[in-house]
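To start, the structure under review is shown below, and the notes come after it.
Any read-out appearing in this document is the output of simple, stated calculations on the displayed coordinates, not a laboratory observation. Remember, predicted model here, so these are calculated numbers, not experimental data. Cβ sites come from the backbone with ideal geometry, for glycine too, and all protein chains shown count toward neighbours.
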Amino acid sequence: MYQTLLTSRYLTSRVIPLIAVAAVALCVALVIVVVSVMTGFLDMVQSSGKTLMGDVIISNGISGIPHYEKLVNRLEKNEQVLAATPIVDGWGLLRMPYPNSNVKQSETVQVWGIEPKTFAKVTDYKNSLQWKNPTTNQRDWLLLDAIANNEETLQSLLSPELWIEFVDLIKSASHTLNFVEANFLENTKALLNEEQWNTVLSFDVRLSGEDALQQQGLDLSRNGKPGIVLGLHVNDGNVRMKNGTYQVSRNDYWWAPRFEGTLTMLPVDAKGGIIEPESIIMPFVNEFQSGVFAIDESLIFIPIDVAQSLLHMDEAKIVDLDDPATIIGVDPARSTSILIRGVPGVKGEVLREIVRTIYDDFSSSFSYETVVLPPSSHDPGLIIQTREEQQRSFTGPVEKEREVMRTLFSIVYLVVAALILSIFWSIVFEKTRDIGILRSIGASRASIVWIFLQYSAVIGIVGSFLGLFSGWLITKNINAIHDAMGNPPLSIAIVCFALSICFGTYTVVKMLKGQMLPIVLGSLGFITLGGIGGLILFIRHIGGIVVWDASVYYFSRIPNELDWGSSLFTVGGAILFCLLGALIPAAKAADTDPVKALRHE
Amino acid sequence: MSNTNSLILEGINLKKTYKLGRSQVPVLHAASLQIHQGQWTTILGSSGSGKSTLLHLLGGLDRPDQQGGEVLFNGESVWAKSNRQINAYRNNHVGFVFQFYHLLPELTVLENAILPTMIGGSFTTTSEAKNQAEHLLDQFGLSHRFTHRPRELSGGERQRVAIARALVNNPSILLADEPTGNLDEETGDGILDVLGALHQDGLTIVMVTHNMEIANRGDVIVHLRGGNITQLD
């Protein structure tokens, strides 16, 4: 009881506990903010992979899974499975439309042949598509392209005088549009009559059709022709801005959906040898963004049948080698993998086992007379994995990095412990005589230790929760803080200067009276606040700084979700260290000979 | 001057040596003395003669050397007791008054006085203990000072608070270590008057001083010279 009284008096009548609380709070907040941001990163990496992967993946290397349609049907009949979609996965070379010369650039790309409709059910394909409708500039470029491709048709509709006027408009627009908006669409519409204008619009559905761009992406085709959807970073014309948005270079000139590309893939025969490369020219219909740089810079989507034919994985007749005219069977079309999405709430591991069972049923359902059998699930080439397992090679390093960071930051824990230890050491040392007095009037050693344990528990608990609260506040507002740091408001500079002047005046007044402490504190306040104010003015003068460069870090916003698990662990750890930090000097103090303690000055 | 009362506290052949660096400094050689119920004993000695040490040994605050004699309280060896019992002895049976008051600066006057009852004490309720402390402080003329902090008090007032604290658990013996050593003569006399009054009421007192005049207030004066006791009557 008296311990509580003493503890509360020690806490309330001195400055040092406030310093200790502040130190604990700062350390806890530091660890919480850093670990939360790191965890946020990992979560963003993992969830962005989700947009294109589904929950479980069946794959069988480059030899693929024959009769995959039957497998997809079986999978979709299971009530735990929401949807399944086949993928043909391969590598290829994509000849890009740039630069504006005969020597075009080629990109190495990973090619996914997909069934867009089922693919959209399994993944977040629809939302990952970058373009829904063209922007004003893009529409103008599309219009210029449409006119160039249909020049003769258009010329036949227009009177020669109008045509000359129109050609002038085209020439001016195709020049202006490289730099600024040209209002070409409006000017053309104004120049032509309704019938002529409707003809122009009919050249390209994207000029007027609602969400036509998005629809073409979802269909993977334009005007009935198969098309390509590019990862947003495949096209070098897309430039990421500092704030994380994208701009197409040369005022949208290099906008991918204007162009087409030549895709070359290398088919592999049954023995693993390379057959003649196959090429196809396809229009770029849209672009997608998964949120993972490694994916966005190399992956492209094409219709599955195109991919199958490029890789020779489509259905083929098997002939008798002795008599090529005799057909002895059919080699069915294959897919290299199948993506499966479970109904909401089903865990990846559970779904994987369900899928495995379904696959076993599927592979054993074929009679031995079938010419081409699917691989058994025990085949080492056949892999059934959850998305997390599939992505481990990618997220693993980030995860490890976080653990390393956390280990490094656990040094902060040691700093906290050392700090607490030294603070308590000095507190207890200062209180040695009190301990002697208490012992002389009959207090036991244990009760002395208990006083300081209570004392440290209060400091630990108050400090840690204060730290948790500030950590939460900082993490939640980390983007606003970042923005304010990069471009600090003038008002803060003004407040800093005003306070700095107050401190300066205070210092001068006290200096005349000759007191030292106010002079030291006042000068510190004057210099610090004046410095901050000056720094703000400097940052504003150079036009703001970018602390978090979104074009480097890929994610446009700093993750701002608190990692509650780690935070509570940190809070618990800090409290524990406070208790330990006090326990040692308190035990030492309790063991001090009361007579010696009483002599302590 | 009554030796007829029963023996309450006895020091037998007390020996105490302090270590000072590598050398051993003997303070008490074989000091023996007897304290009787209701007696005011003063221990007179020059500074460094070991009189404070003797008081600490008697009060269970310091331990004599190995085989360095015994302290008997009501016939029982104090240092043979368990730690818990020694704590209880300090808390309940003896009350210490120090030269430098040794009040806790964070606590008020009343809280300081009540502290021993909170640590141990024979009081069953807080209000009972509080009444006792208030009664003592009243008696010492400190009724208007209950909520003050020690730093707001004069030296004499502080020492009176210390005496109240020493007496709050109704101890058998009051051990006073130069209680006036830090006070001017007039204030010191006031404190001695307080002790005298308590003695009149039957309190057993052991007081240490180097001042013959102050020593004369006691019933029995013992001299401490060269670590040995010589009793003067």
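List of remarks:
- 37 °C / 0.692 mPa s Stokes-Einstein diffusion coefficient of segment B:155-231, Kirkwood radius on C-alpha pairs, µm²/s: 250 µm²/s
- Peptides ranked, highest mean first, by Cβ atoms within 10 Å: ranges A:211-218, B:89-96: B:89-96, A:211-218
- Chain A, relative contact order in percent, only Cα pairs under 8 angstrom and at least six apart counted: 25 percent
- Peptide A:441-451, shielding by other chains (average Cβ, 10 Å cutoff): 5
- Fewest-first ranking of B:Glu213, A:Glu181, using other Cβ atoms within 10 Å as the exposure measure: B:Glu213, A:Glu181
- Cα-based helix-to-principal-axis angle, B:109-119 vs chain B, degrees rounded to 10: 60 degrees
- Normalised per residue, the volume of the convex hull around the Cα set of segment A:488-543 (Å³): 50 Å³
- Per residue of peptide B:100-112, the mean number of Cβ atoms on other chains within 10 Å of the residue Cβ is 4.
- Value of [θ]222 nm, deg cm²/dmol, for the protein assembly as shown, DSSP H segments ≥ 4, -39500 (n - 2.57) each, nearest 500: -16000 deg cm²/dmol
- Put the Cα centre of segment A:136-178 next to the Cα centre of segment A:511-537 and the gap is 68 Å.
- Dimensionless Rg over Rh [the protein assembly as shown; C-alpha; Kirkwood]: 1.27
- A P(r) calculated from all alpha carbon pairs of segment A:137-207, with 5 Å bins opening at zero, reads 3, 17, 32, 30, 14, 4, 0 percent.
- Toward the positive end of the charge dipole of the protein assembly as shown, with +1 on the Cβ of Lys and Arg and -1 on the Cβ of Asp and Glu, the farthest Cα among A:Ser101, B:Thr180, A:Ile318 is that of B:Thr180.
- Mean-position separation - Cα centroids, segment A:450-510 and segment B:1-58, in angstrom: 59 Å
- The ranking of A:Trp255, A:Trp197 from fewest to most other beta carbons within 10 Å of each one's beta carbon is A:Trp197, A:Trp255.
- Cβ crowding within 10 Å, taken as a proxy for footprinting-reagent exposure, orders B:Trp79, A:Trp141 from fewest neighbours to most as B:Trp79, A:Trp141.
- Take each peptide in B:159-166, A:86-93, count the other Cβ atoms within 10 Å of every residue, and average; sorted highest first, the result is B:159-166, A:86-93.
- A Förster radius of 56 Å, combined with the Cβ-Cβ distance separating A:Asn487 from A:Ser8, puts the computed FRET efficiency at roughly 0.75.
- Chain A: angle of helix A:160-176 to the longest principal axis, Cα-based, in degrees nearest 10: 30 degrees
- FRET E, pair B:Gln66, B:Glu186, Förster distance 41 Å, beta-carbon r, rounded to 0.05: 0.35
- Taking segment A:137-207 and dividing mean pair separation by its residue count, relative contact order in percent (alpha carbons under 8 Å, at least six apart): 52 percent
- For q = 0.11, 0.16, 0.21, 0.23 Å⁻¹, Debye-computed log10 I/I(0) when each Cα of segment A:95-198 counts as one equal scatterer: -0.56, -0.89, -1.10, -1.21
- Against chain A, whose longest principal axis comes from its Cα atoms, helix A:16-50 is set at around 10 degrees.
- Using a Förster distance of 41 Å, the FRET efficiency for A:Glu69-A:Ser159 (Cβ separation, nearest 0.05): 0.15
- Shielding of B:114-120 by partner chains, average beta-carbon count, 10 Å: 6
- Computed extension length for A:Leu583-A:Val520: 19.2 nm, one decimal, from 0.36 nm per residue of separation with the Cα-Cα distance subtracted.
- Relative contact order (%) - criterion: Cα under 8 Å, at least six apart; region: segment A:488-543: 52 percent
- Label-to-label distance, nm, for residues given as B:Ser127 and A:Asp591 (7 Å Cα→Cβ offset): 4.5 nm
- Working ranking of peptides B:8-19, A:406-417 by packing, defined as the average number of other Cβ atoms within 10 Å per residue, highest first, is B:8-19, A:406-417.
- Point-to-point label distance, A:Phe259-A:Val404, nm (Cα→Cβ direction, 7 Å offset): 3.7 nm
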